[in-house]
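Engineer: One structure, as C-alpha cells, below. Some questions next.
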Amino acid sequence: MRRVVCPGSFDPVTNGHLDIIGRTSRLYDEVVVAVLINVEKKSLFTVDERIEMLTAVTKEYGNVRVEKFHGLLVDFCKQQGIPAIVKGLRAISDFDYELQMAQLNYRMSGVETLFMSTNPEYSFLSSSRLKEIARYGGDVSGLVPDLVKELLVERLRG
Ligand code: ADP
C-alpha cells in the first residue's frame, strides 16, 4: 500500500488544497490529509469543523482519509506508516520555508518530502487571503467548494 500525507491547517480547505490532494490521490493508493492542531494559532473553524469539511469535499476521490495531528508531523508519519509528505508549492516565497522543513524532517526521520507545483489558477490562493476577501464581502466563488463558501459566509456574518 503506497501511502502519503498532505498536511496543513486547512482553515478552511480551498480549491488550491483540493487540487493538490486530488492530483496526489491519482498517484498513491491512499492519501492521508493531516489537519494540524495548533492551540496557539487563532483559527476561524475548529479542527473538527475543518475535518468535516475536508471529509465531505474529498469523498469523491475515494482514497482520501482525513485525520488530525499535533506535535511533529514526522511522528505522525511514523505512527501511521507513511514514508512521504506531499506539499503544494505556490511561489518562490513558499520555497525557503518548505525546503528547510523538508530537510529537517528528512534528517529527523528519513521521511521524504515531495513538492507538487500549484495549478496556476490557484497560485495566489491561501486560506488567510480567502478569509480576508470573505470578511470584507468579496466573492469567493470558484476559490472554495460551495459547501465551504456557505459555511464561511455564515461564520463571518457572525
Ligand atoms: P494556507 O493557510 O497557506 O492556505 P495550509 O497550511 O493549510 O496553507 O497549507 C497546507 C499545504 O497546502 C501547504 O503545503 C501549502 O503550500 C499548500 N497550499 C495551500 N494553498 C495552496 C494553493 N493555492 N496551491 C497549492 N498548494 C497550496
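Engineer: Given the conditions (1) surrounded by fewer than 16 Cβ atoms within 10 Å (Cβ to Cβ); (2) over 24 Å from Leu125 (Cβ atoms); (3) not small (Gly, Ala, Ser), report the number of the one that Cys77 does not fulfil.
Structural biologist: (1)
Engineer: Next question. Given (1) at pLDDT 95 or above; (2) over 14 Å from the mean Cα position of the chain (by Cα); (3) within 15 Å of the ligand (Cβ to nearest atom); (4) surrounded by fewer than 18 Cβ atoms within 10 Å (Cβ to Cβ), where does Arg107 come up short, assuming only one miss?
Structural biologist: Of the numbered conditions (1) at pLDDT 95 or above; (2) over 14 Å from the mean Cα position of the chain (by Cα); (3) within 15 Å of the ligand (Cβ to nearest atom); (4) surrounded by fewer than 18 Cβ atoms within 10 Å (Cβ to Cβ), the odd one out for Arg107 is (3).
Engineer: Now a separate question. Name the residue, out of Glu40, Glu49, that is over 10 Å from the mean Cα position of the chain (by Cα) and closer than 19 Å to Arg155 by Cβ. Working first, answer last.
Structural biologist: Numbers: Glu40 fails: closer than 19 Å to Arg155 by Cβ.
Sole residue among the options that is over 10 Å from the mean Cα position of the chain (by Cα) and closer than 19 Å to Arg155 by Cβ: Glu49.
Engineer: Let me ask something additional. One residue is enough: does the stretch 41-58 have a residue meeting the conditions in a helix (DSSP H, G or I), touching a residue at least 40 places away in the same chain (Cβ under 8 Å) and exposed (fewer than 15 other Cβ atoms within 10 Å of the Cβ)?
Structural biologist: The initial filter retains those residues of the stretch 41-58 that are in a helix (DSSP H, G or I), namely 47-58.
Restricting the remaining residues to those that are touching a residue at least 40 places away in the same chain (Cβ under 8 Å) gives 49-50, 53-54, 56-58.
Still in the running and exposed (fewer than 15 other Cβ atoms within 10 Å of the Cβ): 56.
Taking every residue of the stretch 41-58 in turn, at least one turns out to be in a helix (DSSP H, G or I), touching a residue at least 40 places away in the same chain (Cβ under 8 Å) and exposed (fewer than 15 other Cβ atoms within 10 Å of the Cβ).
Engineer: In the list Gly8, Gly22, which residue meets the criterion of being more than 17 Å from Val140 (Cβ to Cβ), open to solvent by less than 50 Å² (accessible area, probe 1.4 Å), near the ligand (Cβ under 10 Å from one of its atoms) and not aliphatic (A, V, I, L, M)?
Structural biologist: Working: Gly22 fails: near the ligand (Cβ under 10 Å from one of its atoms).
Step by step, each of Gly8, Gly22 is checked, and only Gly8 is more than 17 Å from Val140 (Cβ to Cβ), open to solvent by less than 50 Å² (accessible area, probe 1.4 Å), near the ligand (Cβ under 10 Å from one of its atoms) and not aliphatic (A, V, I, L, M).
Engineer: Can you work out which of the residues in the stretch 25-40 that are assigned to a strand (DSSP E or B) and open to solvent by 20 Å² or more (accessible area, probe 1.4 Å) is farthest from the ligand (Cβ to nearest atom)?
Structural biologist: Going residue by residue through the stretch 25-40, those that are assigned to a strand (DSSP E or B) are 30-36.
Now drop any that are not open to solvent by 20 Å² or more (accessible area, probe 1.4 Å), which leaves 30, 36.
On the way: Glu30: 18, Leu36: 7 Å.
Going through the qualifying residues, I end up with Glu30.
Engineer: Just to be sure I understand the filter: pairs with C-beta atoms under 6 Å, separated by 6 or more residues or on different chains, first member in the stretch 111-129 and closer than 18 Å to Pro12 by Cβ and within 7 Å of the ligand (Cβ to nearest atom), second member open to solvent by 80 Å² or more (accessible area, probe 1.4 Å) and not in a helix (DSSP H, G or I). Which pairs pass?
Structural biologist: So the pair list comes out as Thr118/Arg90.
Engineer: Is one or more of the residues making up the stretch 143-150 at pLDDT below 95, within 14 Å of Asn15 (Cα to Cα) and touching a Ser or Thr at 6+ places or on another chain (Cβ under 9 Å)?
Structural biologist: No, every residue in the stretch 143-150 fails to be at pLDDT below 95, within 14 Å of Asn15 (Cα to Cα) and touching a Ser or Thr at 6+ places or on another chain (Cβ under 9 Å).
Engineer: Filtering the stretch 130-143 down to residues that are in a helix (DSSP H, G or I) and under 17 Å from the mean Cα position of the chain (by Cα), which residue is farthest from the ligand (Cβ to nearest atom)? Walk me through how you get there before you give the answer.
Structural biologist: Of the residues in the stretch 130-143, the ones in a helix (DSSP H, G or I) are 130-135.
Cutting the leftovers down to under 17 Å from the mean Cα position of the chain (by Cα) gives us 130-131.
Numbers: Leu130: 8, Lys131: 9 Å.
The selected residue is Lys131.
Engineer: Okay, moving on. Name every residue in the stretch 92-104 that is among the hydrophobic types (A, V, I, L, M, F, W, C) and open to solvent by less than 90 Å² (accessible area, probe 1.4 Å), in order of residue number.
Structural biologist: So in the stretch 92-104, the residues among the hydrophobic types (A, V, I, L, M, F, W, C) come out as 92, 95, 99, 101-102, 104.
Residues satisfying the conditions are Phe95, Leu99, Met101, Ala102.
Engineer: Can you pull out every residue in the stretch 119-135 that is among the charged types (D, E, K, R) and open to solvent by less than 70 Å² (accessible area, probe 1.4 Å)?
Structural biologist: Just the residues of the stretch 119-135 that are among the charged types (D, E, K, R), to begin with: 121, 129, 131-132, 135.
Lys131 - this is the single residue of the stretch 119-135 that is among the charged types (D, E, K, R) and open to solvent by less than 70 Å² (accessible area, probe 1.4 Å).
Engineer: I've got another one for you. Can you name the number of the only condition in (1) over 16 Å from Phe45 (Cα atoms); (2) open to solvent by 30 Å² or more (accessible area, probe 1.4 Å); (3) at pLDDT 95 or above that Ile82 fails?
Structural biologist: Unmet condition: (2).
The values are calculated or read from the model by the stated rules, or taken from the named source; none is laboratory data. This is a predicted model, so every value here is computed, not measured. Glycine gets a Cβ as well: all are built from the backbone with ideal geometry, and neighbour counts include every protein chain shown. All accessible areas refer to the heavy atoms of the entire protein, side chains included, with ligands and DNA or RNA removed. Shrake-Rupley method; radii C 1.70, N 1.55, O 1.52, S 1.80 Å.
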